[in-house]
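Have a look at the structure below, then the notes.
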Amino acid sequence: MLYLCETFLQGDKIMKKNLWVKIFAVALVLMCVLTLAACNKEEDVPDSNEAYAELDKELAEQEPSKGLIFKKQTTGDVEGYLLSGMGECTDSVVIIPSEYEGVKVVGVAAYAFKKSEVAITQVYLPETITSLKHHAFAGCESLEYIKIPDTVTDMGSNTFEGCKSLKQVYI
């Protein structure tokens, strides 16, 4: 009889131990599922090429940003303007024009947005842009979205340094 009681009590301990293991396993699985659900939360950025194309089309149809600063550049036979700064522009969505004073805008100068006090969230680059100089968007902490047209053939180092909010670069 004593043997039966000892076996019963040991079985009870094993059952309690198994119960705690099962509870821990369920809690662990639940934490993993909740973590994955939080990681897969949809953001306010386009999620497909079609959505990017639609956003790009909308931005292209809007008026270019006013107050931007441009500097003339001549390299070999190519003459054009580089966007060199925000100037008096206060737009959070910066739309760079394809022309300035009747001449193509061909690039974004080094450190063009570095000292901007405006919280820039999006930048539209026209198809005339061929060059993004080093540190062009450095320090744009609020920048979330930018589309780089396929006409860009030269991109400098650290172009997006410090862009901690950047969610998507569409190329």
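The values are calculated or read from the model by the stated rules, or taken from the named source; none is laboratory data. This is a predicted model, so every value here is computed, not measured. Quick reminder, even Gly has a Cβ in these numbers, built from the backbone with ideal geometry, and neighbours come from all protein chains shown. To get the accessible areas, we keep the full protein, side chains included, count just its heavy atoms, and leave off ligands, DNA and RNA. Shrake-Rupley method; radii C 1.70, N 1.55, O 1.52, S 1.80 Å.
Listed values, structure above:
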| item | result |
| --- | --- |
| Filtered residues of the range 86-103 (kept if part of a strand (DSSP E or B) and surrounded by fewer than 18 Cβ atoms within 10 Å (Cβ to Cβ)) | V93, E99, V103 |
| Residue match in the range 135-145 (condition: closer than 22 Å to A51 by Cβ and not in a loop (DSSP other than H, G, I, E, B)) | yes |
| Selection within the range 58-67 - within 19 Å of F113 (Cα to Cα) and either at pLDDT 95 or above or out of contact with any strand residue (DSSP E or B) (no Cβ under 6 Å at 6 or more places or on another chain) (or both) | K66, G67 |
| Number of the exception - D150 against (1) over 22 Å from K71 (Cα atoms); (2) crowded, with 16+ Cβ neighbours inside 10 Å; (3) more than 12 Å from the chain's Cα centre (by Cα) | (2) |
| Single unsatisfied condition, F70 versus (1) buried (at least 19 other Cβ atoms within 10 Å of the Cβ); (2) farther than 20 Å from V118 by Cβ | (2) |
| Of residues in the range 132-141 being of a type outside the set (D, E) and open to solvent by 50 Å² or more (accessible area, probe 1.4 Å), the one farthest from A60 (Cα to Cα) | H134 |
| Counted residues, the range 74-124 - those being acidic (D, E), closer than 24 Å to L55 by Cβ and more than 21 Å from the chain's Cα centre (by Cα) | 1 |
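Residues checked against (1) modelled with pLDDT under 95; (2) open to solvent by less than 40 Å² (accessible area, probe 1.4 Å); (3) of a type in the set (A, V, I, L, M, F, W, C):
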site	(1), (2), (3)
S116	yes, yes, no
Q122	yes, no, no
E127	yes, no, no
T130	yes, no, no
L143	yes, yes, yes
T159	yes, yes, no
K164	yes, no, no
Q168	yes, no, no
